[in-house]
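What follows is a set of notes on a single structure, which appears directly below.
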Amino acid sequence: MVSKLRPGYGRACLAALAALEATDIVLFSDGDYAFEAAQAIRLLSCIVGGADLAIGSRTLGRTQAGALTRSQRFGNRVAEVPVDTRVRLGESKISGTLRGRVGAGVGILSTIAKLRWRQRSG
């Protein structure tokens, strides 16, 4: 467990990665009760089986009514493993507000654009 004073999921993930010792596998999971921790076995099995990245798919798993907003359902496309989604504890700083959804969308799209630009320039 890593504690980070500045809020933000990205900052928390970066702090956790920075605190890691040498390891072969990293698993991130939200701590808001929205996901079944036991389902991480499926994700880890993909990595052990040779995948470089495994992402739990909220849209392929069972979803409780009210657990995902429309904008959350729109994303999530890589190598997906179905995971179930429950209604989270507390309010999301991202999906719970229009500002959060717009900010996350802009951040994701700008990161994609930067990576594409670097890919084409390099």
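When ranked by the protection proxy of mean other Cβ atoms within 10 Å per residue, highest first, what sequence do the peptides 107-114, 64-71, 81-88 form?
Descending mean neighbour count gives 81-88, 64-71, 107-114.
Can you tell me which of 89-101, 18-30, 2-14, 51-63 comes out highest on packing, and rank the rest after it, using the mean Cβ neighbours within 10 Å?
Output ranking for 89-101, 18-30, 2-14, 51-63: 51-63, 89-101, 2-14, 18-30.
Calculate the radius of gyration of the Cα atoms of the chain to one decimal place, then report Dmax, the largest Cα-Cα distance, as a whole number, both in Å.
15.7, 45
List every residue whose amide H lies under 5 Å from the amide H of T63, counting only residues 5 or more places away in sequence or on a different chain, with H placed 1.01 Å from N in the peptide plane.
Hits under the 5 Å cutoff: T85.
No lab work stands behind these numbers, since they all come straight from the coordinates. No experiment lies behind these values; they were computed from the predicted model shown. Here the Cβ is made from the backbone with ideal geometry for all residues, glycine too, and neighbour counts use every protein chain on show.
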